[in-house]
């Protein structure tokens, strides 16, 4: 869809762009997440990039959870070039027309295969799909789920959006195998007029429900460029987190520790 508002991200982004975004932020390592192409070739491409890029500590690759040979597919990716960088998988569940997708037995089977492969699974879902995510988390308790973008709350809807989101995310946060990512919030707010105050109640609620040991910072770069630069996203999250009263050690968990555990990263980047 040719929308002028999408112009900032309607181009290819490469390693040079990543390094320019990271410059001056203090971020040393990052995780590269599938970008919606939904094909195996993208996974191979991302693993090759990670193999040559010191700043990339892991890759969350696209997965077809209904692949009849998913175990073989994942084994091949892990054993192939750059396979050591594969730390998680993700499907574009937010675009699934089937509202019961995450409750399907075949999907649960795929999620179990992901767990057996030693990988995490990122949930990119809408608020109305959070109930299905609860079902999946309970069906596959051995799998680590990472909720991207806090479930895409309707920040622009004000108090009503916050109420609907909190009601939906609370039972998911109660599942011990579910973690959440503070990412993608600026693009769920007003792209041109968002403020830290718009984000603050969502960050505070996430801290309350998940705790620092199950919460991590994410940039959603380059998609975030629709509303903010990479450094501005991090600054906004830091400002919102500062108001929660967390200790330096707890903040360190959100900035690094949780992601290291969830994705089994090597913090040295070796």
Given the conditions (1) closer than 19 Å to residue 155 by Cα; (2) within 18 Å of the chain's Cα centre (by Cα); (3) in contact (Cβ under 8 Å) with a residue 24 or more places away in the chain, and given that residue 179 satisfies all but one, which numbered condition is not satisfied?
(1)
Could you list, in sequence order, the residues of the range 77-90 that are out of contact with any strand residue (DSSP E or B) (no Cβ under 7 Å at 6 or more places or on another chain) and either surrounded by 14 or more Cβ atoms within 10 Å (Cβ to Cβ) or not in a helix (DSSP H, G or I) (or both)?
80, 81, 82, 83, 84
Check off (1) without any contact (Cβ under 8 Å) to a residue 40 or more places away in the chain; (2) assigned to a helix (DSSP H, G or I) for residue 99 and give me the number that stays unchecked.
(2)
Taking the conditions exactly as written (buried (at least 23 other Cβ atoms within 10 Å of the Cβ) and either farther than 27 Å from residue 29 by Cβ or out of contact with any helix residue (DSSP H, G or I) (no Cβ under 6 Å at 6 or more places or on another chain) (or both)), does residue 125 satisfy them or not?
no
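Could you look through the range 1-41, keep only residues that are in a helix (DSSP H, G or I) and out of contact with any helix residue (DSSP H, G or I) (no Cβ under 8 Å at 6 or more places or on another chain), and pick out the one that is surrounded by the most Cβ atoms within 10 Å (Cβ to Cβ)? Outline the logic, then answer.
From the range 1-41, those in a helix (DSSP H, G or I) are 4-9, 15-22, 40-41; that's our starting set.
So of that shortlist, the ones also out of contact with any helix residue (DSSP H, G or I) (no Cβ under 8 Å at 6 or more places or on another chain) come out as 4, 7, 16-20, 41.
Numbers: 4: 6, 7: 11, 16: 8, 17: 15, 18: 19, 19: 12, 20: 10, 41: 9.
My answer is 18.
Taking the condition modelled with pLDDT of 95 or more, part of a helix (DSSP H, G or I), surrounded by fewer than 23 Cβ atoms within 10 Å (Cβ to Cβ) and touching a helix residue (DSSP H, G or I) at 6+ places or on another chain (Cβ under 8 Å), does residue 164 pass? Explain how you work it out, then say what you get.
Numbers: modelled with pLDDT of 95 or more: yes; part of a helix (DSSP H, G or I): yes; surrounded by fewer than 23 Cβ atoms within 10 Å (Cβ to Cβ): yes; touching a helix residue (DSSP H, G or I) at 6+ places or on another chain (Cβ under 8 Å): yes.
Yes.
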Given the condition crowded, with 16+ Cβ neighbours inside 10 Å, closer than 21 Å to residue 85 by Cβ and touching a strand residue (DSSP E or B) at 6+ places or on another chain (Cβ under 9 Å), answer yes or no: does some residue in the range 203-217 qualify?
yes
Touching a helix residue (DSSP H, G or I) at 6+ places or on another chain (Cβ under 7 Å), surrounded by fewer than 21 Cβ atoms within 10 Å (Cβ to Cβ) and closer than 30 Å to residue 29 by Cα - does that describe any residue in the range 95-115?
no
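The values are calculated or read from the model by the stated rules, or taken from the named source; none is laboratory data. No experiment lies behind these values; they were computed from the predicted model shown. Don't worry about glycine lacking a Cβ; one is built from the backbone with ideal geometry, like all the others, and counts go over all protein chains shown.
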